């Protein structure tokens, strides 16, 4: 992922479609957009996407969606492979009424473990320096600490992506094979051990644009009779797995220290303790 052209503020509209319709949409979109630079040269212009979602003990961000809060956010760590030199992205994805505001810090992979056990963000944690990355990382970890958010769920899928030239103000993504499993550590593996498929055999189509929907998109929606719907991968993942498997209650938790009781010991805290021992006292 050499470049980061994601728009910070945009509209997103989702549709759940069949594979047959997805192939027709691909042909239509190719008349107006180019493959994402990260998809070019790959089969079907598609690449794997992995997201590690963080949430509180009480699943604050999950319930914000379930309760229909119009102003809400999600916390996730996104990555595309497990190469040690590849960046990972600490993201806040906010919904403010109908707008999506996305903050995205490019971070070193080896910084995630120390950060998750309570080390304060430092400039050297960034994969590359950019003032906006630094500001986004600070905002991300402020929310992590405020809600005592921890890893909860690993989500993976194959993304086919197209984007307009220049600033990439228009983007279309087609997501297939969406799978989830509980995840309480910071290994950031590019595979799932026991994947649970969600959305079954359907495909998730997302139309993304910064201002008004382009006229050709309007034509496509009408022509294919697309029906707008919700397709929240984290929420669907929690529901598929069951809340008890994701919301692991913690006892005696102090941010930056893995303190558990035998009755409520959580795998994430056990993992964080192991990471802490590996890093040693000078890195805590």
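When you look at residue 186, is it more than 26 Å from residue 40 (Cβ to Cβ), under 15 Å from the mean Cα position of the chain (by Cα), touching a residue at least 40 places away in the same chain (Cβ under 8 Å) and part of a loop (DSSP other than H, G, I, E, B), yes or no? Steps first, please.
Numbers: more than 26 Å from residue 40 (Cβ to Cβ): yes; under 15 Å from the mean Cα position of the chain (by Cα): yes; touching a residue at least 40 places away in the same chain (Cβ under 8 Å): yes; part of a loop (DSSP other than H, G, I, E, B): yes.
It is true that residue 186 is more than 26 Å from residue 40 (Cβ to Cβ), under 15 Å from the mean Cα position of the chain (by Cα), touching a residue at least 40 places away in the same chain (Cβ under 8 Å) and part of a loop (DSSP other than H, G, I, E, B).
Tally up the residues in the range 60-89 that are assigned to a loop (DSSP other than H, G, I, E, B) and surrounded by 19 or more Cβ atoms within 10 Å (Cβ to Cβ), please. Talk me through it step by step, then tell me what you get.
First, pick out the residues of the range 60-89 that are assigned to a loop (DSSP other than H, G, I, E, B): 67-70, 80-87.
Checking the rest, the ones that are also surrounded by 19 or more Cβ atoms within 10 Å (Cβ to Cβ) come to 87.
Number satisfying all stated conditions: 1.
For the range 83-94, give me each residue that is over 11 Å from residue 137 (Cβ atoms) and in contact with a helix residue (DSSP H, G or I) (Cβ under 9 Å, 6 or more places away or on another chain). Explain how you work it out, then say what you get.
So in the range 83-94, the residues over 11 Å from residue 137 (Cβ atoms) come out as 83-88, 93-94.
Answer for the range 83-94, where residues must be over 11 Å from residue 137 (Cβ atoms) and in contact with a helix residue (DSSP H, G or I) (Cβ under 9 Å, 6 or more places away or on another chain): 83, 84, 85, 86, 87, 88.
I'm told residue 36 meets every condition in (1) surrounded by 14 or more Cβ atoms within 10 Å (Cβ to Cβ); (2) touching a strand residue (DSSP E or B) at 6+ places or on another chain (Cβ under 7 Å); (3) modelled with pLDDT of 95 or more; (4) over 24 Å from residue 144 (Cα atoms) except one. Can you identify the failing condition by its number?
Only one criterion is unmet by residue 36, namely (3).
Out of (1) buried (at least 17 other Cβ atoms within 10 Å of the Cβ); (2) at pLDDT below 95, what's the single condition that is false for residue 166?
(1) is the only condition that residue 166 fails.
Please enumerate the residues belonging to the range 209-224 that are under 16 Å from residue 22 (Cα atoms) and part of a strand (DSSP E or B).
The answer is none; no residue qualifies.
Does residue 47 satisfy the condition of being in a strand (DSSP E or B), more than 12 Å from the chain's Cα centre (by Cα) and under 30 Å from residue 216 (Cβ atoms)? Spell out how you get there, then give the answer.
On the way: in a strand (DSSP E or B): yes; more than 12 Å from the chain's Cα centre (by Cα): yes; under 30 Å from residue 216 (Cβ atoms): yes.
Yes: the conditions hold for residue 47.
Taking the conditions exactly as written (at pLDDT 95 or above and surrounded by fewer than 17 Cβ atoms within 10 Å (Cβ to Cβ)), does residue 51 satisfy them or not?
Details: at pLDDT 95 or above: yes; surrounded by fewer than 17 Cβ atoms within 10 Å (Cβ to Cβ): no.
No.
When both residues are 6+ apart or on different chains and their Cβ atoms are under 7 Å apart, which pairs have a first residue that lies in the range 210-229 and is on the phi > 0 side of the Ramachandran plot, and a second that is surrounded by 11 or more Cβ atoms within 10 Å (Cβ to Cβ) and assigned to a helix (DSSP H, G or I)?
Filtered contacts from the range 210-229: no entries.
Can you tell me which of (1) touching a strand residue (DSSP E or B) at 6+ places or on another chain (Cβ under 6 Å); (2) within 25 Å of residue 160 (Cα to Cα); (3) in contact (Cβ under 8 Å) with a residue 40 or more places away in the chain; (4) not in a loop (DSSP other than H, G, I, E, B) is the one residue 24 doesn't meet?
Unmet condition: (1).
Name the residues in the range 115-140 that are at pLDDT below 95 and either buried (at least 21 other Cβ atoms within 10 Å of the Cβ) or under 18 Å from the mean Cα position of the chain (by Cα) (or both), would you?
Of everything in the range 115-140, those that are at pLDDT below 95 and either buried (at least 21 other Cβ atoms within 10 Å of the Cβ) or under 18 Å from the mean Cα position of the chain (by Cα) (or both) turn out to be 115, 116, 117.
Residue 105 - would you say it is more than 20 Å from residue 185 (Cβ to Cβ), touching a helix residue (DSSP H, G or I) at 6+ places or on another chain (Cβ under 6 Å) and free of Cβ contacts under 8 Å to residues at least 40 places away in the same chain? Reasoning before the result, please.
On the way: more than 20 Å from residue 185 (Cβ to Cβ): yes; touching a helix residue (DSSP H, G or I) at 6+ places or on another chain (Cβ under 6 Å): yes; free of Cβ contacts under 8 Å to residues at least 40 places away in the same chain: yes.
Against the criterion (more than 20 Å from residue 185 (Cβ to Cβ), touching a helix residue (DSSP H, G or I) at 6+ places or on another chain (Cβ under 6 Å) and free of Cβ contacts under 8 Å to residues at least 40 places away in the same chain), residue 105 qualifies.
The conditions are (1) in a helix (DSSP H, G or I); (2) over 17 Å from residue 171 (Cα atoms); (3) free of Cβ contacts under 8 Å to residues at least 12 places away in the same chain, and residue 111 fails exactly one of them. Which is it?
(3) is the only condition that residue 111 fails.
The values are calculated or read from the model by the stated rules, or taken from the named source; none is laboratory data. Remember, predicted model here, so these are calculated numbers, not experimental data. Positions of Cβ are backbone-derived with ideal geometry, glycine not excepted, and every protein chain shown enters the neighbour counts.
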